[in-house]
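Read through the structure below, which is laid out as structure tokens, and then see the notes.
The values are calculated or read from the model by the stated rules, or taken from the named source; none is laboratory data. Since we're looking at a predicted model, the values are computed, not measured. As a convention, Cβ positions derive from the backbone with ideal geometry for all residues, glycine included, and neighbour counts pool all protein chains shown.
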Amino acid sequence: MKRRKFFYDDEPNFLVYKPKKITFVNGKSYYLHRGYTYSRAYASATGARWRCTQTSSCKAYIRLSPEERLEEIADCHNHAAKKYLKLSNGMYIRTE
Ligand SMILES: [Zn+2]
């Protein structure tokens with residue numbers, strides 16, 4: 001499993017890896033990161049884990065602090081990334 005942890009003080013390139021919170025036209029919110037979407041799996045006092053939306057087969061996840069800063073990516077997808085399009089109203093659709 002490819003896995004990396006982020007520590008803000010020593011990760012100058014952090015923004016390159018920053019997932020983006022998006023809302024789809026159906027109203028659901030996910031994190032989008034490099035063509036993969038993540039939905040919230042659980043939250044605790046120490047943060048939240050968001051799992052790849054293809055949860056039946058994929059074990060990839062991201063972990064965020066309570067302030068929603070990225071702390072960890074387990075980037076182990078077993079499927080290809082998708083393409084998404086931002087509409088003029090700010091919401092997203094999947095295009096493939
Ligand atoms: Zn995945």
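A compact table of results
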| quantity | calculated |
| --- | --- |
| Answer residue from the stretch 54-63, given it is at pLDDT 85 or above and either in a loop (DSSP other than H, G, I, E, B) or touching a Cys at 6+ places or on another chain (Cβ under 8 Å) (or both) and is surrounded by the most Cβ atoms within 10 Å (Cβ to Cβ) among those | 60 |
| Residue 51 within 11 Å of the ligand (Cβ to nearest atom), surrounded by 14 or more Cβ atoms within 10 Å (Cβ to Cβ) and in a strand (DSSP E or B) | yes |
| Among the candidates 61, 38, 42, residue that is away from the ligand (no atom under 11 Å from the Cβ) and either in contact with a strand residue (DSSP E or B) (Cβ under 7 Å, 6 or more places away or on another chain) or on the phi > 0 side of the Ramachandran plot (or both) | 42 |
| Matching residues in the stretch 64-94 - criterion: being assigned to a strand (DSSP E or B), basic (Lys, Arg) and within 16 Å of the ligand (Cβ to nearest atom) | 94 |
